[in-house]
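The structure under discussion appears below in the form of structure tokens.
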Amino acid sequence: MSNVHIAPEGTSRAGERIVAHHEYPPIPIRDFDWQAYFDNDEPDDDGHMLTGNGPTEQEAIDDLLMKTED
């Protein structure tokens, strides 16, 4: 399941599309069930891209937005 959101005004990437989806990894901890990332981002040379994670969709989006401010 994936949902698309728009980064809010006042953030460094305002207006960009954020994709959030439910991962449900096979671990007992539910803190990483949701993952969020910017739709137009590409992985870096090491294959990593900026993502946010959280137990809920909104917390994953908030985590992603917080990481863009760092």
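If you put +1 on each Lys and Arg Cβ and -1 on each Asp and Glu Cβ, how big is the dipole of the chain around its Cα centre, in Debye rounded to 20?
Its charge dipole is roughly 260 debye.
Tell me the angle of helix 57-69 to the major Cα principal axis of the chain, expressed in degrees between 0 and 90 and rounded to the nearest ten.
Orientation of helix 57-69: about 50 degrees from the principal axis.
Read-outs throughout are calculated quantities, based only on the coordinates presented, and are distinct from any laboratory measurement. Worth saying up front: this structure is predicted, and the values here are computed from it rather than measured. Glycine gets a Cβ as well: all are built from the backbone with ideal geometry, and neighbour counts include every protein chain shown.
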